[in-house]
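Step one of this worksheet: look at the structure below.
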Amino acid sequence: MIDESFQWRKEYTVNDLSESVLPKWLFENGALYLHGYDKEGYKLFWFRVKFHTKDPKVQFEKKKFVAFWLEHYARREHGKPLTVVFDMAETGVSHIDLDFIRFIVHCFKVYYPNYLSKIVIFEMPWIMNAAFKIVKGWLGPDAISMLKFTNKNEIQEYISAEYLPGYMGGIDTFKYSYPPLVDDDFQTPLCENGPIASEDEIESKEEIEADSKEARECSEEQVLNSKKVCSVEQISKPEENDKTDSKTKNSKKALTVFKGLLLHISPSEELFFGSKETGEKKCLIVLTNVTKNVVAFKVRTTAPDKYRVKPSNSSCEPGTSIDIVVSLHGGFTASLQDRFLIMAAEMDQSSGAGVPELAQFWKEVPRNKVMEHRLRCHVVESSKPSTLSLKENSFNMPTKTNEDLHLQLTQLLQVNKKLQEQIDYCVWFQQLIVVLALVLVVIAAFCFYLLYTQRC
């Protein structure tokens, strides 16, 4: 399998596949793209079958296009599974291409194993039943359970209306277009102090009033906290972050760090929010500039209406760190589908760091000079009674993070391994004693036999 994968990657030049290499019409066609998430938080890989026609002349290019998307996703998400959606609305016999489907199935079986969570098939025409019986044979018995045949009434069992188009019964207004390459539809969230001047996003009157009220509350709270901080000398940085905002329960520095060329970002992969029961509404992102120049950054999200980010568009001096507070707005709750994108680029020393300068900088900076890193949301469900949670908080007992649990689990596994080795040694030693005892018994029996024969 390793040899076959390398041969395939060489044949399809997977390492070198890019937008500039592939024909532009493949992107403009809109038959394949990544967009949205299912209810488990897995990325949706859309196959709009009605836009696909069987043509042997361009079949190899289409297969390379599939390889491009899978490699693009694999490099970005590092092993996180995705959900394939075969949208077969308005399709017929002319759209059947078993060779192409077989290639897609083989990609997930051999070249990108464990990347497939499920295949959602929407409104498959009855005339294609025979074709999909063949597909089931390619998948094998273990993977058949991944096939989910759905219609307009059933598809929301797997994908929420938020990421379904209108003809599927959803409310997603997304319409595919190229360029640019379809991404996670990241948009700039609203800053807690109001909208960002450099973005063409307009808030409603109600949102502006809500933001200004939140900013006033935040400023009052900061004044109270600053008085408390002044009375304590030589306080450590994590404690400062804790006292700056009493609502930011996750403000302690995370243990995981993504080490980029321009910025070190903590946490490295996930932002932990609480459910409605736990009430965790805020998270902290720490950016550290590891270059010798000023680094401009901005934060974008797939759910700009739900989150407030402070600051969301600023700069970081060389060798310094900056804390970004991400908070849920109003009555919203975090979901597994929500994503954050952190973009960063080096600035010239002569460039200013004000809002107009940053806006101009992001318009002019080349795409290949921008560092990007994605964070996903994780919702922590509380399984403990509320009284117990209150008691723990009153005694300031730290909550265990995933890293702590992972460390404890690793230690337990190591102890278990040592115990197993000791048990194996004891068993081996007991077996050795039994064998030696049997040998002694045989020798003794032989000696008695010799004595008996001599006496006779």
In segment 82-99, the residues that are in a helix (DSSP H, G or I) and surrounded by fewer than 16 Cβ atoms within 10 Å (Cβ to Cβ): VAL93, SER94, LEU98, ASP99
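State all residues of segment 157-169 that are assigned to a helix (DSSP H, G or I) and buried (at least 17 other Cβ atoms within 10 Å of the Cβ); if no residue qualifies, say none.
Looking only at segment 157-169, we keep the residues that are assigned to a helix (DSSP H, G or I), and these are 157, 161-163, 166-168.
The answer is TYR163, MET168.
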Residue in segment 140-147 that is free of Cβ contacts under 8 Å to residues at least 60 places away in the same chain and buried (at least 18 other Cβ atoms within 10 Å of the Cβ) present: no
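Tell me, please, whether a residue that is closer than 30 Å to LEU375 by Cα and not polar (S, T, N, Q) can be found in segment 51-60. Break it down into steps so the answer makes sense when it comes.
Let us first name the residues in segment 51-60 that are closer than 30 Å to LEU375 by Cα, namely none.
No; the residues of segment 51-60 include none that is closer than 30 Å to LEU375 by Cα and not polar (S, T, N, Q).
If we keep just the residues of segment 290-306 that are in a loop (DSSP other than H, G, I, E, B) and open to solvent by 50 Å² or more (accessible area, probe 1.4 Å), which is nearest to ASP338 (Cα to Cα)? It would help to see each step written out before you state the result.
Start the filter on segment 290-306 by keeping residues that are in a loop (DSSP other than H, G, I, E, B), which leaves 290-294, 302-306.
Subsequent filtering for residues that are open to solvent by 50 Å² or more (accessible area, probe 1.4 Å) retains 290, 292-293, 305.
Working: VAL290: 28, LYS292: 33, ASN293: 31, ASP305: 11 Å.
Filtering segment 290-306 for residues that are in a loop (DSSP other than H, G, I, E, B) and open to solvent by 50 Å² or more (accessible area, probe 1.4 Å), the one nearest to ASP338 (Cα to Cα) comes out as ASP305.
When you check SER94 against the structure, is it of a type in the set (Ser, Thr, Tyr) and modelled with pLDDT under 90, yes or no? Working first, answer last.
Working: of a type in the set (Ser, Thr, Tyr): yes; modelled with pLDDT under 90: yes.
Yes: the conditions hold for SER94.
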Some residue of segment 101-112 being touching a strand residue (DSSP E or B) at 6+ places or on another chain (Cβ under 8 Å), farther than 20 Å from GLU40 by Cα and open to solvent by less than 70 Å² (accessible area, probe 1.4 Å): yes
Odd one out for ILE119 among (1) open to solvent by 50 Å² or more (accessible area, probe 1.4 Å); (2) outside any helix (DSSP H, G or I); (3) touching a helix residue (DSSP H, G or I) at 6+ places or on another chain (Cβ under 9 Å): (1)
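Considering only segment 18-65, state which residues are part of a helix (DSSP H, G or I) and either open to solvent by 50 Å² or more (accessible area, probe 1.4 Å) or touching a strand residue (DSSP E or B) at 6+ places or on another chain (Cβ under 7 Å) (or both). Give the steps one after another, and end with the answer.
Within segment 18-65, the first condition is being part of a helix (DSSP H, G or I), and the residues that meet it are 24-29, 49-51, 59-65.
Residues satisfying the conditions are LYS24, TRP25, GLU28, ASN29, VAL49, LYS50, PHE51, PHE60, GLU61, PHE65.
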Pair list, Cβ < 6 Å and 6+ apart or interchain, from segment 4-18 residues that are closer than 15 Å to PHE60 by Cα to residues that are hydrophobic (A, V, I, L, M, F, W, C) and assigned to a helix (DSSP H, G or I): TYR12/ALA67; VAL14/ALA67; LEU17/PHE68
Verdict on THR13 being among the polar types (S, T, N, Q) and at positive phi: yes
Residue that is nearest to the chain's Cα centre (by Cα), among those in segment 355-403 that are at pLDDT 65 or above and over 25 Å from GLY260 (Cβ atoms): VAL379
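This table checks each residue for (1) in contact (Cβ under 8 Å) with a residue 60 or more places away in the chain; (2) assigned to a helix (DSSP H, G or I); (3) among the acidic types (Asp, Glu); (4) open to solvent by 60 Å² or more (accessible area, probe 1.4 Å).
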{"position": "SER315", "(1), (2), (3), (4)": "no, no, no, no"}
{"position": "SER327", "(1), (2), (3), (4)": "yes, no, no, no"}
{"position": "LEU336", "(1), (2), (3), (4)": "yes, no, no, yes"}
{"position": "ALA344", "(1), (2), (3), (4)": "yes, no, no, no"}
{"position": "LEU358", "(1), (2), (3), (4)": "yes, yes, no, no"}
{"position": "PHE361", "(1), (2), (3), (4)": "yes, yes, no, no"}
Cβ pairs under 7 Å, 6+ apart, first in segment 276-305 and modelled with pLDDT under 85 and among the polar types (S, T, N, Q), second surrounded by fewer than 19 Cβ atoms within 10 Å (Cβ to Cβ) and not in a loop (DSSP other than H, G, I, E, B): THR278/VAL380
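The values are calculated or read from the model by the stated rules, or taken from the named source; none is laboratory data. What you are looking at is a predicted structure, and each value in this text was computed from that prediction instead of being measured. Note that each Cβ is placed from the backbone with ideal geometry, even for glycine, and that neighbours are counted across all protein chains shown. Keep in mind that these areas ignore ligands, DNA and RNA; they rest on the heavy atoms of the full protein, side chains included. Shrake-Rupley method; radii C 1.70, N 1.55, O 1.52, S 1.80 Å.
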